[in-house]
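Take this structure, written in structure tokens, and hold onto it; I'll ask about it next.
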Amino acid sequence: MDSALLQKLCRRIRSDILTITTQAGSGHPSSSLSAVELMATLFFKYLRYDMENPKDPGNDRVIFSKGHATPLYYALYAAAGVLSEKDLSGYRTFDSVLEGHPTRRFPYTEAATGSLGQGLSIGLGEALAMRLVHRSSFMVHGKTSGDQRSTMNAPRVFVLMGDGELAEGSVWEAAAAASFAKVNNLVLVVDVNRLGQSDPTMYGHDIAVYKKRFEAFGWGVVMIVDGNNLAQVDGAFAEALKHEDKPVVILAKTVKGKGVSFLEDALGWHGKPLSKDELPKALGQLGEVDTTMRGTVAKPLNKGKGERGKEAIFQLRPSPFTLHPPSYPSDKPVATRKAFGNALKRIGPYVRHMVVLDGDVKNSTYTEFFAHECPDRFVELFIAEQNMVGVAVGLSARGFHPVVSSFACFLTRAADQVRMAAFSGANIMMNGSHAGISIGEDGPSQMGLEDLALFRVVHGSTVLYPADAYAAEQLTEEALKKGGIVYIRTTRPETPILYSEKDTFPIGGSKVHRSSLTVHGKTSGDPRSAIHETATVVAAGITLYEALKAQQELAKEKIAIRVIDYYSVKPIDEKTLLAAAEETKTIIVVEDHYPEGGLGEAVASVLSTYSGNQHIKLCHLAVRKTPRSGRPAELLAYEEIDADAIIKRVKNVSA
């Protein structure tokens, strides 16, 4: 498209931006107006995308990290002929897929954005996914040799970001990772319009500052003095696409509110649409607008590559297979974190759409087992958890199933990315190891005590907490089959083997351990001699062993308790819990987690809906004191979540 036609199209886009925000009575017109020339040039001169097939793996990808600029986002698709005037009129309404910030309800959206600073990580994930798909030897054999950093003519990922986002640390985590990996199919476009929501941005229009920073991070940099000048923008994109050995950023100095005199470079207009009285004046300043004008987005240059990409994606899907069940000696304790690593290594060669990400703790989380087995599908992202989760979202968007692994406490740093991943419909399995005070001497900074609460509250999530190696192995498999956001909590210390390869661990299930005193448990005899179970102890992970110790000690005093292994924290096995409540009348929850948001509150939520709950005693043992360094046994006793504390509570409630 020549410059004159593109200029006319920009006027049409600006008209749509102003009109739909006024119709909606909300939105961000001024933030959208500044980037019109940037994105119109990209869409109608440089982007390669089959609008009739948004899932074509040969397509370039566009991510609006600047998610509040949806008026521009949707106006571009209208200009491309994807959306009608009627579609645009539904902007921000309940029944429309054109939401206030991009979501996957709109089929051209790569990932949900709007929480600023996340788009570059997502774009990096997509760029890495394209690299995997376009390595043909990977597709055939599951492994490659040679330079794994080569992108081999992979499609490009374009990310639009506002200058205000550059204050986010996650942006620089992504920038560092992208240059380290030499991801040369990633193009960042920064709309430097000088104004944030409430004040000017840190450096205003001084794009030289941003240039130095990106160059220091190993990026190629192209600067545009006037980002609203089509000729300069065109030249910048042409220059940017010449970079072949590194990611590149286009830094464009623009004017917020461009095209409307009383909006241009003016504070106080962020997130404010024009009134119905102001709209005609603004539209009049645009000049002649042809609302029927359409632009053409070029299709992928080589459809053959696109077809091969489709075949590659198909090959990535898991094929039916039979795995040899793991076998662990019954007399040798194994840490669940190690069993998790064993499972990844065992599953990896078969499930070839699985990619494992780690944050420089692979020798502690045991993802190094997978790294050695499937090196081309292991990504080291170093100590940058927010970026790691964002990259996982991008990988998921392109059909991979990422596994994110770190210490449980460190994953909480990426809480917002996890929250947004759910809105993107991402399939991500997350492993949080070193959970709870049971890690011992390392002290509170390393103890994951909030993680269950974080992941339980994520919309549609699954939360699992295996106690032994068999449970950890099988639940890792179940997590990969489940999809969505799945969190597995694993433990640092070695724990005894409780189960066998014959045991199954369906998500939403539990395991009941009955006292040796009860007829309906492991012993037989006259039912009239059965001893009533005084209470049910609900536990998971490390505290299950404390509950079982307490069960054995109490049996010596002819006191029977029921112990339930709630390895599935969410969804929780309500049926088994309510049966235990009805039969024993007392529920004691013991967990290596703060009292807020963990297993105890999951149990309480179920019991609150039980019609007979007024007859049920509920006790909750959890980490309530400020933790400290010490041996695991000392810490469990200090926090009163060990066997002695359970025994004491059982005797108190039965007195």
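Counting only residues that are without any contact (Cβ under 8 Å) to a residue 12 or more places away in the chain and among the hydrophobic types (A, V, I, L, M, F, W, C), how many does the stretch 597-638 have?
2
Residue 550: farther than 29 Å from residue 448 by Cα and over 34 Å from the mean Cα position of the chain (by Cα), yes or no?
no
Something else about it: (1) among the small types (Gly, Ala, Ser); (2) touching a residue at least 60 places away in the same chain (Cβ under 8 Å); (3) part of a helix (DSSP H, G or I): which one isn't true of residue 445, the others all being true?
(2)
Against the condition assigned to a helix (DSSP H, G or I), crowded, with 24+ Cβ neighbours inside 10 Å, touching a residue at least 24 places away in the same chain (Cβ under 8 Å) and out of contact with any Asp or Glu (no Cβ under 6 Å at 6 or more places or on another chain), how does residue 38 come out, does it pass?
Taking the combined requirement at face value, the residue satisfies it.
Now a separate question. So residue 481 clears everything in (1) in contact (Cβ under 8 Å) with a residue 40 or more places away in the chain; (2) farther than 21 Å from residue 565 by Cα; (3) of a type in the set (D, E, K, R) except one condition, right? Which one?
Of the numbered conditions (1) in contact (Cβ under 8 Å) with a residue 40 or more places away in the chain; (2) farther than 21 Å from residue 565 by Cα; (3) of a type in the set (D, E, K, R), the odd one out for residue 481 is (1).
Right, residue 263: at pLDDT 95 or above, touching a Gly at 6+ places or on another chain (Cβ under 6 Å) and in the same structural domain as residue 15 (by TED's automatic domain parsing) or not?
Answer is yes for this residue.
Shifting gears a bit: Which condition from (1) under 30 Å from residue 350 (Cα atoms); (2) small (Gly, Ala, Ser); (3) at pLDDT 95 or above is the one that residue 164 breaks?
If we test residue 164 against (1) under 30 Å from residue 350 (Cα atoms); (2) small (Gly, Ala, Ser); (3) at pLDDT 95 or above, just (1) comes out false.
If the requirement is being closer than 25 Å to residue 124 by Cβ, of a type in the set (Ser, Thr, Tyr) and surrounded by fewer than 21 Cβ atoms within 10 Å (Cβ to Cβ), which of these qualifies: 46, 73?
So the residue among 46, 73 that is closer than 25 Å to residue 124 by Cβ, of a type in the set (Ser, Thr, Tyr) and surrounded by fewer than 21 Cβ atoms within 10 Å (Cβ to Cβ) is 46.
Consider residue 194 against the criteria (1) among the basic types (Lys, Arg); (2) modelled with pLDDT of 95 or more; (3) within 22 Å of residue 125 (Cα to Cα): it satisfies all of them except one. Which criterion is unmet?
(3)
Here's a follow-up. Condition test on residue 316, is it more than 17 Å from residue 44 (Cβ to Cβ), modelled with pLDDT of 95 or more and among the hydrophobic types (A, V, I, L, M, F, W, C)?
Taking the combined requirement at face value, the residue does not satisfy it.
Within the stretch 419-431, is there a residue that is over 20 Å from residue 570 (Cα atoms) and among the charged types (D, E, K, R)?
Checked the stretch 419-431: no residue is over 20 Å from residue 570 (Cα atoms) and among the charged types (D, E, K, R).
For the stretch 222-279, what are the residues that are buried (at least 20 other Cβ atoms within 10 Å of the Cβ), of a type in the set (Gly, Ala, Ser) and within 31 Å of the chain's Cα centre (by Cα)?
If the condition is that a residue be buried (at least 20 other Cβ atoms within 10 Å of the Cβ), of a type in the set (Gly, Ala, Ser) and within 31 Å of the chain's Cα centre (by Cα), then 240, 252 are the ones that fit.
Do we find that residue 625 is farther than 19 Å from residue 533 by Cβ, touching a helix residue (DSSP H, G or I) at 6+ places or on another chain (Cβ under 9 Å) and assigned by TED's automatic domain parsing to the domain that holds residue 547 in this structure?
Judged against the criteria, residue 625 is a match.
Among the residues of the stretch 562-571, are any within 23 Å of residue 518 (Cα to Cα) and among the polar types (S, T, N, Q)?
no
For the stretch 461-492, how many residues are over 15 Å from residue 540 (Cβ atoms), at pLDDT 95 or above and assigned to a loop (DSSP other than H, G, I, E, B)?
3
Return the total of residues in the stretch 381-403 being more than 15 Å from residue 121 (Cβ to Cβ) and surrounded by fewer than 19 Cβ atoms within 10 Å (Cβ to Cβ).
1
Go through the stretch 103-130 residue by residue and tally those that are hydrophobic (A, V, I, L, M, F, W, C), assigned to a loop (DSSP other than H, G, I, E, B) and within 18 Å of residue 162 (Cα to Cα).
Adding up the residues that qualify gives 3.
While we're here: Could you list, in sequence order, all residues of the stretch 232-252 that are closer than 18 Å to residue 183 by Cα and among the charged types (D, E, K, R)?
Within the stretch 232-252, 239, 242, 244, 245, 246 qualify.
Quick one: in the stretch 99-119, which of the residues that are without any contact (Cβ under 8 Å) to a residue 40 or more places away in the chain and out of contact with any His (no Cβ under 9 Å at 6 or more places or on another chain) is surrounded by the most Cβ atoms within 10 Å (Cβ to Cβ)?
102
Could you list all residues from the stretch 23-35 that are in a helix (DSSP H, G or I) and buried (at least 21 other Cβ atoms within 10 Å of the Cβ)?
Scanning the stretch 23-35 gives 29, 30, 31, 32, 33.
The values are calculated or read from the model by the stated rules, or taken from the named source; none is laboratory data. Being a predicted model, the structure only gives us computed values, none of them experimental. Neighbour counts are summed over all protein chains in view; Cβ atoms, including those assigned to glycine, are modelled from backbone coordinates with ideal geometry.
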